[in-house]
Structures are given as structure tokens and as C-alpha cells.
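Worksheet for the structure shown next.
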Amino acid sequence: ILHSKNMKPWHITIIVPASDILAPLDTLRLHSLAWTLLVLLLGSLLARYISQKISQPIIKIAKQTEAITELDLRPCPPIMSRIKEICFMDKSLANMRASLLSFQRYVPASLVKQLMQSGEIAQVEGQKKFLTILFSDIRNFTQLAEDMPPEELMVYLSNYFQSMTEAVIEHHGMLDKYIGDAVM
């Protein structure tokens, strides 16, 4: 536009309906909102799936640990996980279970449980305590064993040891050993 000193500049104005310009922006805004919601939904589902894959083995490990504290030392199937720390914890629990089982062979379960609950550490030293010790054996066992067939004798001894052991445990006693036909 040419203008001289006396002439004012021209302004050209084009009038267009607002919908012609804003309609594509409104459509773009709705598409963006829909995609954002879809991505958030998929992200939430993926996060939930991943967190369950992580938390389920951890929950199993926690339950196994709780069972061990109750001296439930039954073997458990290994936990399969891609997270090596979870596999490491599972292996450590299996080793702990095996160690406690070995320990229980030499120390009564009730004593192991008592030690675990008290938090005390077993030490190779003595304590002065008043105790009652039961020594029991079967009267005339030698004669009985000579007159009874081996199969019957085995059943007889098994029933006797079972009854005596249950009685000792029922009264919070500690079974130290079997000596032939005797129980200490």
C-alpha cells in the first residue's frame, strides 16, 4: 500500500465465521483429551499388572516367613520371579527352613519355638533351674522282647514311645532321648 504524507493507510478486514477457524481446534482438543484418557487408562492397567507381578511373590515370601516363625517347616515350591532379589529371598528362606529342621532334630520343637519367641540366642552354657526328670522303661522288657515276635515288638514299642512322647509334650516337657526301651 502506497501512501503519501496526506493519505492515511488502508486497513483490510476479512470477516469469517468463528466456527471456520475454531472447529478444527475443538476437534483437535477432543481428540487430545480422548487420547490422554486412553493413555492414562492403559498406563494404570499396566502399572497394576506390573505391581501385582512384583507384590504376589513378596506376599508369598511374607506368608512363608510367618509359617517359619510358627515352626511350620514344610517345604514350599520355589517362587519363580524375574526379580533376582525375590529369588534370593526365597532361597534364603529355604536355607533357613532347612537349618531349623536340622536344629529341631537335636533340640525339641517346643524349645526352638520358645527361643524364637523370647528372642534369646542359644548359647553353650548352663542355667541353674529346678527340673523334674522322668526316666521310664518297660518292666521285664528283656523277657517281653524274647517272647514276642519282632513285628509285634516293633508295634508295641512304637505305641509305647508314641504315648510317652505325647504325654511329655502335653505337659510342656522336653523329650531328651530314647534309650532302648527307656524314655528320658
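The table that follows gives values for the structure above.
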item: Tally of residues being open to solvent by less than 70 Å² (accessible area, probe 1.4 Å) and on the phi > 0 side of the Ramachandran plot across region 111-143; result: 1
item: Failed condition for Pro57, given (1) of a type outside the set (Lys, Arg); (2) farther than 30 Å from Asp90 by Cα; (3) in a helix (DSSP H, G or I); result: (2)
item: Output for region 132-154, where each listed residue is in contact with a strand residue (DSSP E or B) (Cβ under 7 Å, 6 or more places away or on another chain) and either small (Gly, Ala, Ser) or more than 23 Å from Asp176 (Cα to Cα) (or both); result: Ser136
item: Flag for Pro149 being open to solvent by less than 60 Å² (accessible area, probe 1.4 Å) and touching a helix residue (DSSP H, G or I) at 6+ places or on another chain (Cβ under 6 Å); result: no
item: Whichever residue in region 63-110 is open to solvent by less than 50 Å² (accessible area, probe 1.4 Å) and of a type in the set (Val, Ile, Thr) and, among such residues, is farthest from Asp176 (Cα to Cα); result: Ile86
item: Index of the failed condition, Val168 passing every other in (1) surrounded by 14 or more Cβ atoms within 10 Å (Cβ to Cβ); (2) over 20 Å from Val107 (Cα atoms); result: (2)
item: Given (1) open to solvent by 60 Å² or more (accessible area, probe 1.4 Å); (2) of a type in the set (Gly, Ala, Ser); (3) within 27 Å of Thr165 (Cβ to Cβ), number of the condition Ser44 does not satisfy; result: (3)
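Yes/no per residue for (1) touching a residue at least 12 places away in the same chain (Cβ under 8 Å); (2) acidic (Asp, Glu):
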site	(1), (2)
Trp35	no, no
Leu46	no, no
Tyr49	no, no
Pro57	yes, no
Ile61	yes, no
Glu66	no, yes
Thr69	yes, no
Asp72	no, yes
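The values are calculated or read from the model by the stated rules, or taken from the named source; none is laboratory data. On a predicted model such as this, the values are computed, not experimentally measured, just so you know. Reconstructed Cβ throughout: ideal geometry from the backbone, glycine too, with neighbour counts over all protein chains shown. Ligands, DNA and RNA are stripped out before the accessible areas are found, and what is left, the full protein with its side chains, is counted by its heavy atoms. Shrake-Rupley method; radii C 1.70, N 1.55, O 1.52, S 1.80 Å.
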